[in-house]
Amino acid sequence: MLMQNISILGCGWLGLPLAKKLLNNSFTIKGSTTSENKLEILNNEGITPFHISLHENEVEGDIAGFLANAEILIIDVPPKAKSGEDFAKKIRTLLPYIEQSGTDKILFISSTSVYADDAAVVTEDTSPNPVTDSGKQLVATERLLQENKSFKTTVLRFGGLIGEDRHPVKHLAGRENLPDGDAPVNLVHRDDCIGSILKVIESNAWGETFNVVAPQHPTRKDYYTKKATEAGLPLPGFLEKERGGKIIDSTKIQELTGFTFTAGI
């Protein structure tokens, strides 16, 4: 694999371990954070750190330096819908800087929240129909990036994110009357998120949209009861038969790039 310069906008829960993995694969990495306290952490990992904040009307920080010579820009900044911000407008403010930099490959981290919760199997051919504000903002941002002719954008729609230090069962344990006990889970482990990103880069799969969700889809009741038992937590109580819930199909990324899910859920 040839050395490439990659800039990661948002070195948080996913972005930082992703940056470390890319460094181990001989990429040169610039990483951004909104926290000055984190600059030293990035630097100590071998990541060139930048203090950058996106706003609806401006980009705060040395965005030109951050994007300079970047062959790939990974945008891993989630919308903060509850704050009332216009996420798509923030990304629109970023666009001129990307265009001026000459960066021609964008990887945008999105979410399966762009799909409706209908009882159906969902593929990338399924039209987005989000019900949440964050889902609506993600759809708008996906289109904004993919319609721009200055670069090619690949969108990765991740399912619910889990990892060794992050699991929704901790918030559900002991609660009663939780909805959608019969609905299937659509989760993905952070290790598989990182693996899918590396596979997109390795296979040069630009201008695409991919679902990235583990192929296991037990019901919420079965899954979270099992996980609570394994962790020694109080069992959650679920309501059943409210609705079927969607199953996210991730066949496309496996067939097009050769990616394999290995972490499980």
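No value in this document is a laboratory result; all are computed from the given coordinates. Computed from a prediction, not measured in an experiment: that's the story for all the values here. Ideal geometry is used to build each Cβ from the backbone, glycine not excepted, and the neighbour counts take in all protein chains shown.
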Please build a GNM for the chain, connecting alpha carbons under 10 Å apart, and tell me which residue among 196, 127, 101 fluctuates the most.
-> 127
Going through the DSSP H helices of the chain, which span 15 Å or more along their own axis at the Cα atoms while scoring at least -1.0 as a mean Kyte-Doolittle hydropathy?
-> 87-101, 133-146, 190-203
List the residues of segment 63-90 whose backbone N lies under 16 Å from a point placed 7 Å from the Cα of residue 35 along the Cα-to-Cβ direction.
-> 77-78
Based on alpha-carbon positions alone, could you give the equivalent ellipsoid semi-axes of segment 71-228 from the gyration tensor, as √(5λ), descending, whole Å?
-> 30, 17, 15
Hey, which of these cross-link pairs are over 31 Å Cα-Cα: 30/226; 30/89; 136/221; 30/199; 80/105?
-> 30/226
Simple spin-label model, 7 Å along Cα-to-Cβ: residue 230 to residue 255 in nm?
-> 3.0 nm
Over segment 141-255, equivalent-ellipsoid semi-axes from the Cα gyration tensor in Å | 33, 15, 12
Go through 211, 98, 72 and say which Cα lies farthest out towards the positive end of the charge dipole of the chain; charges sit on Cβ, +1 for Lys and Arg, -1 for Asp and Glu.
-> 211
Could you state the per residue volume, in Å³, of the convex hull enclosing the Cα atoms of the chain?
-> 133 Å³
Over the alpha-carbon set of segment 112-185, divide Rg by the Kirkwood Rh and report the Rg/Rh ratio to two decimals.
-> 1.05
Cut-off under 5 Å, modelled amide H: who pairs with residue 160 long-range = 186, 187, 188
If you place +1 on the Cβ of every Lys and Arg and -1 on the Cβ of every Asp and Glu, how big does the dipole about the Cα centre of the chain come out, in debye to the nearest 20?
-> 220 debye
Along the chain, longest interval not containing exposed trypsin sites (Lys or Arg not before Pro), exposed being DSSP loop plus at most 12 other Cβ atoms within 10 Å = 1-148
